Amino acid sequence: MSRPFVKKSLAELPPSGIRKFFDLASAMDGVISLGVGEPDFDTPWHIREAGVYSLEKGFTNYTTNCGLEELRREICLYLGQKFGLDYDYSSEILVTVGASEAIDLALRAVLETGEEVIIPEPSFVAYKPCTIMAGGSCRTVPTREEDHFKLSPAALEEAITPRSKVLLLSYPNNPTGAVMTKAELLQLARLVQQHDLLVIADEIYSELTYAEPHVSFAALPGMKERTVLINGFSKAFAMTGWRIGYAAAPAELIAAMTKIHQYTIMCAPIMGQMAAIEALKNGAAQMEMMREQYNGRRSLIVNGLRQIGLPCFEPGGAFYVFPSIKATGLSSQQFCEMLLKEEKVAVVPGDAFGHCGEGHIRCSYASSVEQISTALERMDRFMQRLARRSRKKTATVFKP
Amino acid sequence: MTVEELQIKILKALEQNHRITAKTLATMFGVTEEEILQTISAMEEAKVILGYVTLIDWEKTGHNNHVTAIIDVQVTPQRDVGFDTIAERISRFPEVKGVYLVSGGYDLSITVEGTTLKQVAFFVSEKLATLENVKSTVTHFVLKKYKQDGIIFNDGKKDHRLVVSP
Ligand SMILES: Cc1ncc(COP(=O)(O)O)c(C=O)c1O
């Protein structure tokens, strides 16, 4: 027998709660999935064209570690126009392999062993494992439906300890669709300043807001110096497979992140970078179109879920709703498994995004109106059946 | 939501898929099904909604006896009415599927459909070219359709996404 080759800390890291569900759903035919965390649109054609053209012209080489200069310039322009941010393309921007890499780099660049990262939950599945793999320790903060899943200053204050170093903020939020207003963010900013925290702001869904435009955390007074802003092309431009994201931060932090990036990744793929330039230069109209489509589907799914007895607060961003299933008496896992087996609708159990997600499910509306309508019909049938079953049970219990 | 806002929302949805149900639209916009049906009826009466067409790839059926031609027509505009009278006259022919006044080297662009090449050619030479004020015609027969009304023929589009992802 050989000794275990995989290191203990990694062997102990739990697999993603989504994985199990993926295996279940993939093994079935005829499933309508509201479990997908990526746009249903293909990348707009002009962007794909730019990628193809770059290949034809022979752009098949490495780029500088931090990414093509033109792309970094475009990113700075975009961040300026959108959020009023002022970054220097030559020292404050790093182009990464998706926002995913940027999250990993930021955590690895700043955490000493045992330093704490405050993670409001429910949250994107990568934050905790990345923190642990970077040697940090996670301090999760539950957010509540009553607060529309926003992080309250009180909850943040309570979570802060002398070992806290990083606050990981992600609004618009996956999986809840929650957004935070400027006034609310300012309250957090005050605490961040007071406790000398660094903020990693994952703003990957910043383009997908439906009521008010997104406010970038880095744009708040005094916050640019203590924020690693993370964004990318996956959601806004339907470019998930191209794997292009970026970090914007003070030069010292970008230099540190670039050190890891240059030895582990070298650079993000060049055709993706070329396509990303086209997205920033000419992608606004198509993005608007996609946002408008998401917005229509959002009302369809929110109203539809409410009608069939699954209350949910109205999400202000991203493409997720996070309805409560507590009234059914089932756990999130049970609900999702039964729904999948009985009606072939895949949604993701809320506890995959943290304990406080229990009692909820994540439904993605990155699906066509027809698919969402059919899914709602199936879910309606499912809910009615659940109600009948529980009535029967009660009836038996109370039989004289 | 004002009536106009609701109208625009409904129109945008119908433009993409006119078979979307009133129930779905009602859920989408948070109004009753009756409101949706009434709004649509009103727009039909006002001729804002002119009709609902179905795009068919006849090539895929055993009944492919469709011939389409795009015809450039030069006409002499008439005093007071310009191109309208002649354009409206041409529009009346059932063989004519589309009539547009265009800028450039000719005046009207029209599409004509028939069952055979001969039939379309006959229509052009006997009916169209002989109209008073029609100066010339150039006929382009359609050899293959790639895209019409925003829809790609033989798109082969599939959802390649994983069924569940973070
Ligand atoms: C909150 C959040 N951050 C980051 C990512 C990863 O994005 P990318 O494709 O840019 O790596 C996702 C993708 O699901 C996400 O939901």
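The values are calculated or read from the model by the stated rules, or taken from the named source; none is laboratory data. Source: prediction; values computed, not measured. So basically every Cβ, Gly included, is an ideal-geometry build from the backbone, and we count neighbours across all protein chains shown.
Brief remarks follow.
- Test: residue in segment A:158-179 that is within 14 Å of another protein chain (Cβ to nearest Cβ), within 12 Å of the ligand (Cβ to nearest atom) and surrounded by fewer than 20 Cβ atoms within 10 Å (Cβ to Cβ): no
- From the options A:Ala126, A:Ala106, residue that is within 28 Å of A:His261 (Cα to Cα) and crowded, with 18+ Cβ neighbours inside 10 Å: A:Ala106
- Answer from A:Asp29, A:Asp23, A:Asp42 - the residue that is outside any loop (DSSP other than H, G, I, E, B), more than 14 Å from the ligand (Cβ to nearest atom) and within 14 Å of chain B (Cβ to nearest Cβ): A:Asp23
- Considering residues of segment A:225-238 that are within 14 Å of chain B (Cβ to nearest Cβ) and more than 17 Å from A:Glu74 (Cα to Cα) only, the residue farthest from the ligand (Cβ to nearest atom): A:Ala238
- Scan segment A:310-329 for residues that are more than 14 Å from chain B (Cβ to nearest Cβ), part of a loop (DSSP other than H, G, I, E, B) and surrounded by fewer than 18 Cβ atoms within 10 Å (Cβ to Cβ) and the total you get is 2.
- The set of residues in segment A:29-75 that are surrounded by 14 or more Cβ atoms within 10 Å (Cβ to Cβ) and hydroxyl-bearing (Ser, Thr, Tyr) comprises A:Ser33, A:Thr43, A:Tyr53, A:Ser54, A:Thr63.
- Residue match in segment B:107-115 (condition: more than 14 Å from chain A (Cβ to nearest Cβ), modelled with pLDDT of 95 or more, assigned to a loop (DSSP other than H, G, I, E, B) and in contact with a helix residue (DSSP H, G or I) (Cβ under 9 Å, 6 or more places away or on another chain)): yes
- Of the residues making up segment B:69-95, those that are free of Cβ contacts under 8 Å to residues at least 24 places away in the same chain, surrounded by fewer than 18 Cβ atoms within 10 Å (Cβ to Cβ) and not hydroxyl-bearing (Ser, Thr, Tyr) are B:Arg79, B:Asp80, B:Val81, B:Gly82, B:Asp84, B:Glu88, B:Arg92, B:Pro94.
- Boolean, A:Tyr78 is surrounded by fewer than 21 Cβ atoms within 10 Å (Cβ to Cβ) and within 16 Å of the ligand (Cβ to nearest atom): yes
- Of all the listed residues (A:Glu212, A:Glu207), the sole one being within 16 Å of the ligand (Cβ to nearest atom), charged (D, E, K, R) and part of a loop (DSSP other than H, G, I, E, B) is A:Glu207.
- Counted residues, segment B:40-57 - those being more than 16 Å from the chain's Cα centre (by Cα) and either surrounded by 11 or more Cβ atoms within 10 Å (Cβ to Cβ) or hydroxyl-bearing (Ser, Thr, Tyr) (or both): 5
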